[in-house]
Amino acid sequence: MDTAESSPYLFADIIAQSSIMQAIFKTITKIADYKTTVLITGESGTGKELIAKAIHYSSSRRDMPMVDVNCGGIPETLLESELFGHAKGAFTDAYKIRKGLFEEADKGTLFLDEMGELPLALQVKLLRALQEEEIRPLGDSKSVKVDVRIVAATARNLADMVNKRLFREDLFYRINVLTIVVPPLRDRREDIPLLIEHFIKKFNKRLRLKITGVSEDCMHRLIHHSWPGNVRELENVIERSMVLSEGNELTTEFLPGELADRQSSQTDELLFWDTLSIKINSKKLEKQLIVKALIKTKGNKTRAAALLELSLPALLYKIKEYDVNYEELS
């Protein structure tokens, strides 16, 4: 991976301009060449794996392996063998010697993703491996020296797990030497337009599309969404919207779920009006109130008319005039 920055906002494949992310980039540069264990925390989808890769590929170990293991994605009965390897005959189906991920990562980096999912029994063995810098394959009587830099990541609160005795305190202090907290996307909204631009270029190339931009209203909604799934959710939304789009510009009508809900952004839309014309803005407000009433009444025009204090014929006329389609709102 090329760690050279091709733009002021690109660092080891991570795209950001926010001050909080720039501070993380500086931290990575400072700690990259030290063997000290790094713990990366943050919500799911924030890009913890990208941070781990940036640490490895910014270090002198960049030409050696970086091995990833998802501690929550491998059955407990197999995880020990995956990490430490096994000797021939160590268990049923162990027909030959197998190196574990620690040995595969020798002289490089071992990335332990979802560290909080590691079973207690294996936490003891991992602690020993970190302290002694050696591992013992399952079923073997001899230990093997390894030179591995550990980078761990978790979306869970390990300190809280320690208090609940779900995570070993000694292992927690062993891995919690250098901690990088990756902020959720909602705390770095200035990065969203950059990420959107990146994803549009990415999916234009992959899907052979020709999306050239994002409408003002669509961009506003994307920037002000809470993004519980963080960067991963944003990427999925952009891909989905590009596939469904019927033009060269992404618009709100192809956004999913609450992002496409007119009601959720009506107040914000008022701030984006680009004219002071009372006549034009009155019509916009009138349309928004009609949309809100239809959403609230689930398309019942009689009830919507009552809420709006209009006669039903007047509401039907305005629905036609403003081209309001309830089916597209639901």
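The values are calculated or read from the model by the stated rules, or taken from the named source; none is laboratory data. Bear in mind that the values here come from a model prediction, so they are computed numbers and not experimental data. A quick note on method: Cβ atoms are made from the backbone with ideal geometry, for glycine too, and the neighbour counts reach across all protein chains shown.
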(request) Out of K145, K164, report the one residue that is under 19 Å from R61 (Cα atoms) and out of contact with any Gly (no Cβ under 7 Å at 6 or more places or on another chain). (result) K145
(request) Would you tally the residues in segment 37-58 being part of a helix (DSSP H, G or I) and in contact with a helix residue (DSSP H, G or I) (Cβ under 6 Å, 6 or more places away or on another chain)? (result) 2
(message) Against the condition assigned by TED's automatic domain parsing to the domain that holds I97, outside any loop (DSSP other than H, G, I, E, B), surrounded by fewer than 16 Cβ atoms within 10 Å (Cβ to Cβ) and among the β-branched types (V, I, T), how does I20 come out, does it pass?
(response) yes
(message) I'd like the residue in segment 193-226 that is β-branched (V, I, T) and not in a loop (DSSP other than H, G, I, E, B) and, out of all such residues, is nearest to the chain's Cα centre (by Cα).
(response) I196
(request) Return a yes/no flag: does segment 50-64 have any residue that is more than 30 Å from R188 (Cβ to Cβ) and either touching a residue at least 12 places away in the same chain (Cβ under 8 Å) or surrounded by fewer than 17 Cβ atoms within 10 Å (Cβ to Cβ) (or both). (result) yes
(request) For M115, state whether it is in contact with a Ser or Thr (Cβ under 7 Å, 6 or more places away or on another chain), assigned by TED's automatic domain parsing to the domain that holds F25, surrounded by 15 or more Cβ atoms within 10 Å (Cβ to Cβ) and under 23 Å from K26 (Cα atoms). (result) no
